[in-house]
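Heads up, the thing below is written out as structure tokens.
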Amino acid sequence: MNLPISLPTLPNIPGLPPIPLPVLPPPFDVLIEFMQTSEFMEFAVELSLKLLVFPGLAFIMLYAMLAVWGERKLHARIHLRIGPYHVGPIFGLFQLVADGIKLLGKEIVTPERSHKFFYHLAPVLIMSLSMITLAFIPFFPVGPGEYWTIYYSEYSLLIILALFSLRPFIMIMAGWASNNKYTMMGAMRAAFQLLAYEVPLMLSMASVVILAGSFDLAKIVESQANMWFIVPCFLGFIVFFISTMAEICRRPLDIIVAEQEIVFGPWTEYTGMEYGLIMMSEYVDVAIASFLTSILFLGGWHGPGLHPLVWLLIKMGILSMFFMIGRSTWPRLRIDQLLDAGWRKLIPLALVQVFIAIVLVYVLKVIVV
Amino acid sequence: MDVERLLEEIKTKLSDVLVEAKIDRPRYASIKVKPEGMVKAATLLKENGFNHPLSVSGVDYPDRGEVEVVYHVSCLDSKSLVALKTALPRGQPSMPSLREIWRGVHFHERETWEMLGVKFEGHPELKRFLLQEDWEEGVYPLRKEFKLKPES
Amino acid sequence: MPIRVAWGIQHPMSGHLTLYLDVDGDIVLNTEADVGYTHRGLEKIAEYRNFIQYVPVIERACDFDASNFALGYVRAVEALMGIEVPERAKYLRVIAAELSRIMSHLYAQALLSMTGGFETMTVWSANDRELILDLLERLSGARVTHTYIIPGGVRADIPKGFKEKAYDVLNYLERRIWDYYKMLFQNKTFQDRTMGVGVLSKQDAIELGITGPNLRASGVDFDVRRDDPYEAYDKLDFEVVVEKEGDSYARALVRFYEIAQSIKIIKQALKDLPEGPIRCKTPPMLPRGETYTRIESGRGELGVYIVGSGTNKPYRLKISAPSFRNLAGLVYLCRDIPMGDIPVIYYSLDILLLDVDR
């Protein structure tokens with residue numbers, strides 16, 4: 001048959017005649033032809049590198065392993081204990097691997113009268129939500145106007161904010177589907193807490209947006225080339241740090257997963273690898289919060305000397321350590337004290353910060369947008 | 001109020017229901033009254049400053065045919081103790097509850113009912129406390145007829 | 001609409017207790033306590049064991065404060081018999097009782113900080129409690145249930161090297177508890193969590209029969225060691241700690257200061273230890289009669305009412321345990337409070353269910 005394109009053939013095996021691949025109807029043949037072009041190949045390679053290596057699967061696994069090890073060691077040393085000790089080269093480095101293998105071997109128990117679809121969907125969704133948020137963050141520049149990110153958008157900050165707002169729904173889904181009074185109460189409290197801290201989160205992000213003039217995370221970092229935003233926006237930094245700590249439910253603001261102490265809130269009934277997914281999502285959340293804080297306030301990838309990615313990882317690592325130290329040093333706040341802090345104390349501070357930002361940009365014209 | 005003056009007052013005011021009153025040790029007195037005089041004696045004690053209830057115990061005397069209920073109360077100002085006792089007939093032991101007078105005896109009376117079968121009239125919550133829910137009715141562990149099985 | 005939650009027995013933070021809560025939103029309207037999960041019938045067992053055999057049994061009535069419970073029972077037996085132990089035995093009993101009291105208070109502090117999610121203080125307190133347990137092991141041979149105090153005196157004399165080791169541990173602990181003060185009591189979050197929570201007024205505390213550090217935290221100046229002294233306490237010099245507010249913070253603070261006072265008592269007792277025998281002879285049978293004695297254990301006032309029968313087994317033994325009396329306070333306080341306050345009130349009253357159930 002004479003076709004305007006050349007059919008692919010299998011490689012030449014000596015001794016056998018060349019075997020043509022079967023002819024496919026359009027549009028598949030055009031598709032296969034397109035997939036052999038060099039632009040698609042480059043795009044595919046880059047996408048798989050991003051999805052699988054950085055900031056994808058391999059990075060998340062490696063970060064989770066280091067974060068679990070670091071947190072448990074730091075927590076233990078503050079307690080005058082030793083921490084994980086046996087598994088791995090540097091006294092317990094592979095603890096996450098050991099825990100993961102253990103959790104894979106456990107039975108996934110479904111409570112008797114639970115809504116099975118939503119019950120099993122919730123941990124998958126919470127993990128996916130955390131990982132999707134990583135898709136919109138630019139990590140370092142690869143060229144003029146080009147950044148290493150899975151999806152580049154000019155409204156990436158808004159998208160990330162919207163993804164943060166989806167969290168209470170998943171917690172309510174998990175709490176309701178488990179058919180348990182404790183989980184339902186925990187889910188209600190989770191909804192209250194996450195809603196209360198979204199407003200200071202938005203307002204502190206708003207002050208950064210005013211100073212930078214754009215919702216694009218990459219442009220926000222570019223406009224910090226001369227001065228990091230923590231200098232004019234110090235109040236906003238504090239408010240943002242506390243609000244992300246509450247949004248990702250990290251101690252000392254994790255009363256919903258310490259419901260009357262340690263009956264795990266909306267996630268009580270999960271066992272096995274579903275529990276593993278929930279735990280992992282907590283560490284991925286810490287990564288996201290650290291990345292966001294360093295991009296918004298600490299100048300992102302700017303820094304003298306080293307490669308931009310190294311600077312970003314250094315800043316993110318130091319912020320993760322602050323999250324971990326906060327876990328050991330403060331007791332938990334009660335839910336009404338938490339909500340009181342969110343609504344009545346953080347919102348005025350964030351508003352003051354927004355006011356300062358507006359004054360600096362439009363009145364004093366100190367910072368040029 | 002210290003125990004000597006208390007005993008004087010009791011001997012005058014409770015002379016009709018009083019069975020016995022003595023001082024065992026410095027600042028420790030014991031008073032035995034008839035069952036119908038318990039409320040009056042308790043009110044008198046509370047008015048004289050004995051308002052800190054310590055315990056309620058029941059003792060089973062099958063040879064005398066009675067169950068003795070002992071209330072220990074203390075006075076924090078004079079640091080003294082009084083034991084208020086009464087003897088109830090063993091077949092139908094019941095007496096008015098002293099919960100209105102001393103609030104703290106609520107759980108003590110509930111336990112005495114459960115262990116010895118003494119019915120406290122007016123107590124709002126006489127039900128199972130320490131024993132399991134499916135314990136048989138009418139079997140009272142601290143009575144002498146309830147024998148523990150000996151271990152080897 | 002109120003729902004009924006079982007803050008229950010299969011709960012990481014409830015101890016051996018179920019509280020049935022009627023909860024509306026976040027407010028607890030009403031509480032009902034369900035106890036009896038560790039009921040062992042110790043009072044009935046007393047009628048089947050002779051009075052020496054019963055000493056290990058009474059220590060299991062509450063094993064976090066074992067020597068004080070043993071002391072309470074042994075004093076009742078000795079008061080019934082009318083004997084008095086030698087001077088050296090009295091001082092040794094005081095040492096064992098005060099070490100046991102420090103152990104109990106450190107454990108109470110560890111549990112209270114666990115309710116706030118403050119695991120750091122839990123592990124630090126448990127860590128230092130290990131030193132006291134080591135001292136008690138040197139003294140009596142067992143870490144937790146010592147069986148050191150028996151009717152007639154104590155079981156054995158202090159071993160060689162005990163005084164030096166005790167001074168080391170006590171000096172270290174005296175400096176260390178001020179770290180706890182800075183870390184726990186001056187921590188703003190802990191203060192927010194415990195100040196104003198579970199306030200017991202003075203009148204309520206007296207009428208409900210509350211006892212021990214809880215009573216002293218509500219402003220009542222009463223301590224059995226000073227007001228009805230026993231053993232060698234009338235010769236030792238210590239202060240009774242009283243606070244006025246009556247909230248959970250005050251109760252925790254009273255226990256904290258009592259640790260410092262106990263250290264002072266032990267040091268004095270070690271210095272003033274007189275020579276002499278450590279045991280005296282006891283009659284083989286319990287005489288007829290009855291008596292009630294009380295001591296101050298770590299958790300409150302322990303009263304023992306014993307009726308002797310003429311044989312070597314008691315006719316009736318009634319233990320009026322401190323946590324049993326404080327339970328009335330728990331049920332009284334857990335009304336119209338937010339749900340997050342329940343573990344704080346429960347552990348600040350230092351109720352351990354072992355002596356409620358006996």
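Bear in mind that the values in this text are calculations on the coordinates, not laboratory data. Because the structure is a prediction, the values reported are computed rather than measured. All Cβ positions, glycine included, derive from the backbone under ideal geometry; neighbour counts span all protein chains shown.
Dipole of chain C, Cα-centred, from +1 at each Lys and Arg C-beta and -1 at each Asp and Glu C-beta, to the nearest 20 debye?
Values: 44 positive and 49 negative charges, 242 e Å.
It works out to roughly 1160 debye.
Pairing the Cα long axis of helix A:167-177 with the longest principal axis of chain A, what angle in degrees results, from 0 to 90 and rounded to the nearest 10?
90
If each DSSP helix of 4+ residues adds -39,500 (n - 2.57) and the sum is divided by the residues in chain C, what number results at 222 nm, nearest 500 deg cm²/dmol? Walk me through the intermediate numbers first.
On the way: 14 runs with 166 residues, N = 358.
Here the helix-only value at 222 nm equals -14500 deg cm²/dmol.
When the helix-only estimate is applied to chain B (DSSP H runs of n ≥ 4, each -39,500 (n - 2.57), divided by the residue count), what is the mean residue ellipticity at 222 nm, nearest 500 deg cm²/dmol? Before the final figure, lay out each step's value.
Working: 3 runs with 32 residues, N = 152.
Computed ellipticity for chain B at 222 nm equals -6500 deg cm²/dmol.
Which residue fluctuates the most in chain A, going by a Gaussian network model with Cα springs under 10 Å, if the choices are A:E39, A:E222, A:E269?
Of A:E39, A:E222, A:E269, the most mobile in the Gaussian network model is A:E39.
Do the sum for chain A: with -39,500 (n - 2.57) for every DSSP H run of n ≥ 4, divided by all residues, what is the mean residue ellipticity at 222 nm, to the nearest 500 deg cm²/dmol? Spell out each step's value before the answer.
Numbers: 14 runs with 211 residues, N = 369.
The per-residue figure over chain A is -18500 deg cm²/dmol.
Have a look at C:E296, C:E258, C:E164 and tell me which one the Gaussian network model of chain C (Cα, springs below 10 Å) gives the largest fluctuation.
C:E164
Let me have the relative contact order for the stretch A:106-363, percent, based on Cα pairs under 8 Å that are six or more residues apart.
27
Averaged over its residues, how many other protein chain Cβ atoms are within 10 Å of peptide A:325-332's Cβ atoms? Present the calculation step by step, with values, prior to reporting the outcome.
Working: counts 0, 0, 3, 4, 5, 8, 18, 8.
Across A:325-332, the average partner-chain Cβ count within 10 Å equals 6.
Beyond 36 Å, what share of the Cα-Cα pairs of chain C is found? Please give it as a whole percent. Present the calculation step by step, with values, prior to reporting the outcome.
On the way: 12881 of 63903 pairs.
Value for chain C (Cα pairs over 36 Å): 20 percent.
Across peptide C:178-184, how many C-beta atoms of other chains are within 10 Å of each residue C-beta, on average?
Numbers: counts 0, 0, 0, 0, 0, 1, 1.
Other-chain Cβ atoms within 10 Å of each residue's Cβ, averaged: 0.
Taking 1 over the mean of 1/r across every pair of different Cα atoms in the stretch B:1-110, what Kirkwood radius in Å do you get?
14.0
Please report how many Lys pairs in the stretch B:3-93 have alpha carbons closer than 20 angstrom, counting only residues at least 8 apart along the chain or sitting on separate chains.
26
Among C:S262, C:L327, C:Y315, flag the residue with its Cα farthest along the positive direction of the charge dipole of chain C, charges on Cβ as +1 for Lys/Arg and -1 for Asp/Glu.
Selected residue: C:Y315.
Run the reach check for A:K106 against lysines, Cα to Cα strictly under 20 Å, same-chain hits fewer than 8 apart removed. What comes back?
Within the straight-line cut-off, A:K106 pairs with A:K116.
What average number of partner chain Cβ atoms lie no more than 10 Å from the Cβ of the residues making up C:241-254? Before the final figure, lay out the partial values.
Numbers: counts 0, 0, 0, 0, 0, 0, 0, 0, 0, 0, 0, 0, 0, 0.
Per residue, the average neighbour count from other chains is 0.
Could you sort A:113-121, C:211-219, A:40-48, C:75-83 so that the peptide with the highest average Cβ count within 10 Å comes first and the rest follow in order?
Working: A:113-121: 14.1, C:211-219: 27.4, A:40-48: 11.3, C:75-83: 20.2.
Packing proxy ranking, top to bottom: C:211-219, C:75-83, A:113-121, A:40-48.
5 Å is the cut-off here: which amide hydrogens, built 1.01 Å from N in the peptide plane, fall below it relative to C:G212, excluding neighbours closer than 5 in sequence?
C:E301
In whole Hz, with x marking every Gly and Pro, tabulate ³J(HN,Hα) for the stretch B:36-51 from phi via Karplus 6.51 cos²θ - 1.76 cosθ + 1.60, θ = phi - 60°.
So the J values, rounded to whole Hz, are 6, x, 5, 5, 5, 5, 5, 5, 5, 5, 5, 5, 8, x, 8, 10.
Only four residue types carry charge here, +1 at the Cβ of Lys and Arg and -1 at the Cβ of Asp and Glu. Report the dipole size of chain B about the Cα centre in Debye, rounded to the nearest 20. Provide the component values of the computation, followed by the final result.
Values: 24 positive and 26 negative charges, 68 e Å.
Dipole of chain B, to the nearest 20 debye: 320 debye.
Restricting to the protein assembly as shown, what percent of DSSP beta bridges are antiparallel, rounded to 5? Don't skip to the end; give the middle numbers.
Values: 58 of 67 bridges.
The answer is about 85 percent antiparallel.
Show me the ranking of peptides A:192-204, C:281-293 by mean Cβ neighbours inside 10 Å, starting with the highest.
Working: A:192-204: 21.6, C:281-293: 16.6.
Sorting A:192-204, C:281-293 by mean packing, highest first, produces A:192-204, C:281-293.
Let me test this: with uniform point scatterers at the alpha carbons of the protein assembly as shown, what is the Debye-based log₁₀ I(q)/I(0) at q = 0.07, 0.10 1/Å?
Debye curve over Cα of the protein assembly as shown, log10 I(q)/I(0) at q = 0.07, 0.10 Å⁻¹: -0.69, -1.12.
Counting DSSP beta bridges with both partners in the stretch B:3-93, what percentage is antiparallel, nearest 5? If you can, show how the numbers build up before the last one.
Working: 25 of 31 bridges.
In the stretch B:3-93, DSSP labels about 80 percent of beta bridges as antiparallel.
Sequence neighbours fewer than 8 away in the same chain don't count; with that in mind, list the lysines whose C-alpha is under 16 Å from C:K264.
Output for C:K264: C:K163, C:K165, C:K235.
Using Cα centres only, tell me the gap between the stretch B:97-140 and the stretch C:212-237 in whole Å.
Using only Cα atoms, the two centres lie 31 Å from each other.
If the cut-off is a Cα-Cα distance under 12 Å, which aspartates and glutamates reach C:K281, setting aside same-chain residues fewer than 8 apart in sequence?
Here the aspartates and glutamates satisfying the reach criterion relative to C:K281 are C:E78, C:E84.
On average over all directions, what projected area in square nanometres does the stretch C:1-84 have, based on the convex hull of its Cα atoms?
On the way: hull surface 31.4 nm².
Result: a mean projected hull area of 7.9 nm².
Which residue, chosen from C:L17, C:Q53, A:A162, occupies the Cα position most advanced towards the positive end of the dipole of the protein assembly as shown, where the dipole is computed from +1 (Lys, Arg) and -1 (Asp, Glu) charges on Cβ about the Cα centre?
C:Q53
Under a GNM of chain C (C-alpha, springs under 10 Å), which listed residue has the highest mean-square fluctuation: C:E231, C:E119, C:E98?
C:E119
Using θ = phi - 60° and the Karplus relation 6.51 cos²θ - 1.76 cosθ + 1.60, list the HN-Hα couplings for the stretch C:2-12 in order, rounded to whole Hz, with x at every Gly or Pro.
These are the phi-based 3J(HN,Hα) values: x, 10, 9, 10, 8, 7, x, 6, 9, 9, x Hz.
Size of the dipole of the protein assembly as shown about the Cα centre, Lys and Arg at +1 and Asp and Glu at -1 on the beta carbon, nothing else charged, in debye to 20? Display every interim value, and only then the final one.
Working: 90 positive and 99 negative charges, 408 e Å.
Here the protein assembly as shown has a charge dipole of around 1960 debye.
Give the peptides C:318-331, C:125-138, A:237-250 in descending order of average Cβ contacts within 10 Å, highest first.
Numbers: C:318-331: 25.1, C:125-138: 17.9, A:237-250: 22.5.
Order by mean packing, descending: C:318-331, A:237-250, C:125-138.
Amide H neighbours of B:S80 under 5 Å, counting only residues 5+ apart in sequence or on other chains, H built in-plane at 1.01 Å?
Under 5 Å from the amide H of B:S80 lie the amide H atoms of B:C75, each far enough along the sequence or on another chain.
How many angstrom separate the Cα center of the stretch C:34-86 from the Cα center of the stretch A:239-310?
The stretch C:34-86 and the stretch A:239-310 have Cα centres spaced 52 Å from each other.
Quick one: A:R81, C:R225, C:R294, fewest Cβ neighbours within 10 Å first, how do they rank? Mind showing how you got there, number by number?
Values: A:R81 13, C:R225 21, C:R294 24.
So the ranking, lowest neighbour count to highest, is A:R81, C:R225, C:R294.
Check C:A217: other-chain or 5+ apart residues with amide H under 5 Å from its amide H, H built from backbone geometry?
C:E243
With viscosity set to 0.890 mPa s and temperature to 25 °C, compute the Stokes-Einstein D of chain A, Rh being the Kirkwood radius across alpha carbon pairs; µm²/s, no decimals. Kindly include the intermediate steps, with their values, before the conclusion.
Numbers: Rh = 23.1 Å.
Here the translational diffusion coefficient equals 106 µm²/s.
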